[in-house]
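> Quick one: structure below, then a few questions.
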């Protein structure tokens, strides 16, 4: 399977749980992560103070958080098609904790 490799060039937190991401190919995505913040890794990012500590890891070209959370840049690049599946998985993470 061949999938494109994307790198994030820059980003800006534009609102609660929302980041505007610019990629090396000139495209951008405005992503609201709220509905995927569940589970052991992503759940802590519901704390807005932690969420807003996102940074760009220039070595791998993606967004990372202090707790080790990150997303594949290709996933972020294609968020409109991939985000719903991640949100569905996040719901199962929440349900498994109840």
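> Just to be sure I understand, how many residues within region 24-41 are in contact with a strand residue (DSSP E or B) (Cβ under 6 Å, 6 or more places away or on another chain), under 16 Å from residue 64 (Cα atoms) and surrounded by 16 or more Cβ atoms within 10 Å (Cβ to Cβ)? So that I can check it myself, show each step before the final result.
The initial filter retains those residues of region 24-41 that are in contact with a strand residue (DSSP E or B) (Cβ under 6 Å, 6 or more places away or on another chain), namely 24, 28-32.
So of that shortlist, the ones also under 16 Å from residue 64 (Cα atoms) come out as 31-32.
Going one step further and asking which of them are surrounded by 16 or more Cβ atoms within 10 Å (Cβ to Cβ), we end up with 31.
Residues in region 24-41 being in contact with a strand residue (DSSP E or B) (Cβ under 6 Å, 6 or more places away or on another chain), under 16 Å from residue 64 (Cα atoms) and surrounded by 16 or more Cβ atoms within 10 Å (Cβ to Cβ): 1 in total.
> Filter region 26-58 for residues that are within 11 Å of residue 9 (Cα to Cα) and out of contact with any helix residue (DSSP H, G or I) (no Cβ under 8 Å at 6 or more places or on another chain) and give the result.
Initially, region 26-58 is screened for residues within 11 Å of residue 9 (Cα to Cα), giving 26-28, 56-58.
Within region 26-58, 26, 28, 56, 57, 58 qualify.
> Would you please name the residue that is nearest to residue 76 (Cα to Cα), looking only at residues in region 30-47 that are under 11 Å from the mean Cα position of the chain (by Cα), touching a residue at least 40 places away in the same chain (Cβ under 8 Å) and outside any helix (DSSP H, G or I)?
Among those residues, the one meeting the criterion is 31.
> May I pose another question? Determine, yes or no, whether residue 63 is outside any helix (DSSP H, G or I), within 16 Å of residue 14 (Cα to Cα) and in contact (Cβ under 8 Å) with a residue 24 or more places away in the chain. Before you say what the answer is, go through the steps one by one.
Working: outside any helix (DSSP H, G or I): yes; within 16 Å of residue 14 (Cα to Cα): yes; in contact (Cβ under 8 Å) with a residue 24 or more places away in the chain: yes.
Yes.
Computed from the coordinates by the stated procedures, all read-outs in this text should not be read as laboratory data. Note that this is a predicted model, so its numbers are computed, not measured. Glycine also receives a Cβ, built like all others from the backbone with ideal geometry; neighbour counts cover every protein chain displayed.
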